[in-house]
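This report concerns only the one structure given below.
All of the numbers you see were taken from the coordinates with simple rules; none came from a lab. All values derive from a computational prediction rather than experimental measurement. Please note: Cβ atoms are built from the backbone with ideal geometry, for glycine as well, and neighbour counts cover all protein chains shown.
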Ligand SMILES: [Zn+2]
């Protein structure tokens, strides 16, 4: 469903403010885009703080990134190419947000994908979060690097750069960015404490059932769960069986 142009502009300004207030972007970082209808989009201008946007800093464009409507003194962000690639591939996506939140970007810098099943909320709403290879900002390297991931993932880390979230509407894309950053912070802190427990298969399966029941839009590739560890009794049993088998083999060899 499309929002009206007025509603979309209001939401983009509000989300920009929140991204900046939460420290998800610094200076003029980040960009937001949203579909207005099948032919038109809104996108944020380059060179402006997303925390202090006015209506004229939101530019109406077509699906190829050409500015339409009234003349504008602001220029379109070069990172729009990344948004256009997403919107071209995913007809179900209505809004795209790019930011540089510090915790998830730290994972992107460290080269640690958020692909393990750790926090229920993330498993249900985002699934696994991969890292797209590094590309030079503002060139076509970034759209190229995210290309293989867009079809299956609603949240991506961009190596040594930041994060990208895809939403069924503007608020959905924004909340995905919040979930991504909040969970990255928790996982980072657990790593500092020295242990991260990963959920087991059965727990993950239950969560995927919840996702299906709730009819959550978008994609969530299943994360990697913890394989059940063998208990002491199981280990003893395996040892006994192995010894027994080896004994029998030895005996049969001797009789032959
Ligand atoms: Zn960026």
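Just want the ordering: 56, 154, from fewest to most Cβ atoms lying within 10 Å of their own Cβ.
56, 154
In degrees, nearest 10, range 0 to 90: what is the angle between the Cα axis of helix 170-193 and the longest Cα principal axis of the chain?
Tilt relative to the chain: about 40 degrees.
Stretched out fully, how many nm does the piece from residue 54 to residue 206 gain, at 0.36 nm a residue minus the Cα gap?
In short, 50.3 nm is gained.
Quote the relative contact order of segment 5-193 in percent (integer), defining contacts as alpha-carbon pairs under 8 Å separated by 6+ residues.
21
Working from Cα positions, state the angle (0 to 90°, nearest 10) between the long axis of helix 232-255 and the longest principal axis of the chain.
The answer is roughly 50 degrees.
Once R0 is set to 25 Å, what does the formula 1/(1 + (r/R0)^6) return for the Cβ-Cβ distance between residue 215 and residue 140, expressed as a FRET efficiency to the nearest 0.05?
Step by step, r from the Cβ atoms, then E = 0.10.
Out of every Cα-Cα pair in the chain, what percent are more than 32 Å apart?
Pairs farther apart than 32 Å: 31 percent.
Once both axes come from the Cα atoms, what is the angle between helix 201-213 and the longest principal axis of the chain, in degrees from 0 to 90, rounded to 10?
40
Is it possible to state the helix-based mean residue ellipticity at 222 nm for the chain, with each DSSP H run of 4+ residues giving -39500 (n - 2.57), the sum divided by total residues, to the nearest 500 deg cm²/dmol? What is it?
-14500 deg cm²/dmol
How would segment 100-219 be classified by its alpha-carbon gyration tensor: rounded, prolate or oblate, with rounded meaning a/c under 1.5 and the a/b versus b/c comparison settling the rest?
oblate
Using packing as a proxy for protection, rank 120-132, 177-189 so that the peptide with the highest average count of other Cβ atoms within 10 Å comes first.
So the order, starting with the most tightly packed, is 120-132, 177-189.
How do 104, 117 line up, fewest other C-beta atoms within 10 Å first?
117, 104
Based on the mean of other Cβ atoms within 10 Å per residue, sort peptides 155-162, 239-246, 194-201, 221-228 so the most packed one is first.
155-162, 221-228, 194-201, 239-246
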